[in-house]
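Each remark here refers to the structure printed beneath this line.
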């Protein structure tokens, strides 16, 4: 997953920075590979630690807002220190991707997928479950809204590990 994170964010910064030439774009890509390689594991561990946290809205806010803001502030500072051009555009897109991917990872972990602490199945088995989990994630809120329910509570029910 760290490789996927580095590829997605690296592609963002590469594309935005390409306006200033290949050398700048390659530098931005390298920065992302190192940074995301170092931070992705921590990001996943924090999301997993918050799987059973209550209240649910606070845990979701930490995963979707606070952690991505802190992580992307560090990313922004690193790129600024290295003089990455067109930084603001790349930073906003990266923050958006981080927020959505963090929310998805938290959702998947609450379903028992992509967990590392006390994992019940091998990683490759989790990868086979990902397409269905992505579909469930994308449809969770629209389904609840159509049913007239509160989307946040209903879309993220108690995880199987923490259900009463």
Review point. With springs only between Cα atoms under 10 Å, which of 21, 90, 37 fluctuates most in a Gaussian network model of the chain?
Key: 21
Review point. Based only on Cα atoms, what Rg/Rh ratio does the chain have, Rh being taken as Kirkwood's radius?
Key: 1.02
Check your understanding: Normalised by the number of residues in the stretch 2-155, what is the relative contact order in percent for Cα pairs under 8 Å and 6+ residues apart?
Key -> 23
Revision key, fill the gap. Ranked from fewest to most other Cβ atoms within 10 Å of their own Cβ, 43, 126 fall in the order 126, 43
Study note, to complete from the structure: Within the set 130, 29, 46, GNM on the chain using Cα springs under 10 Å gives the largest fluctuation to 130
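Starting from the Cα-Cα distance between residue 45 and residue 18, subtract it from 0.36 nm times their residue separation and give me the gain in nm to one decimal.
Details: separation 27, 0.36 × 27 = 9.72 nm, distance 3.27 nm.
So the chain would gain 6.4 nm between residue 45 and residue 18.
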Study note, to complete from the structure: With Cα springs under 10 Å, the Gaussian network model of the chain assigns the largest mean-square fluctuation among 35, 123, 104 to 123
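Return the calculated 222 nm mean residue ellipticity for the chain, to the nearest 500 deg cm²/dmol, obtained by summing -39500 (n - 2.57) across DSSP H runs with n ≥ 4 and dividing by the residue count.
Working: 7 runs with 119 residues, N = 164.
When only DSSP H runs of four or more count, the value is -24500 deg cm²/dmol.
Each value in this text was obtained by applying a stated rule to the coordinates, not by laboratory testing. The model shown is predicted, which means the values in this text are computed figures rather than measured ones. Reconstructed Cβ throughout: ideal geometry from the backbone, glycine too, with neighbour counts over all protein chains shown.
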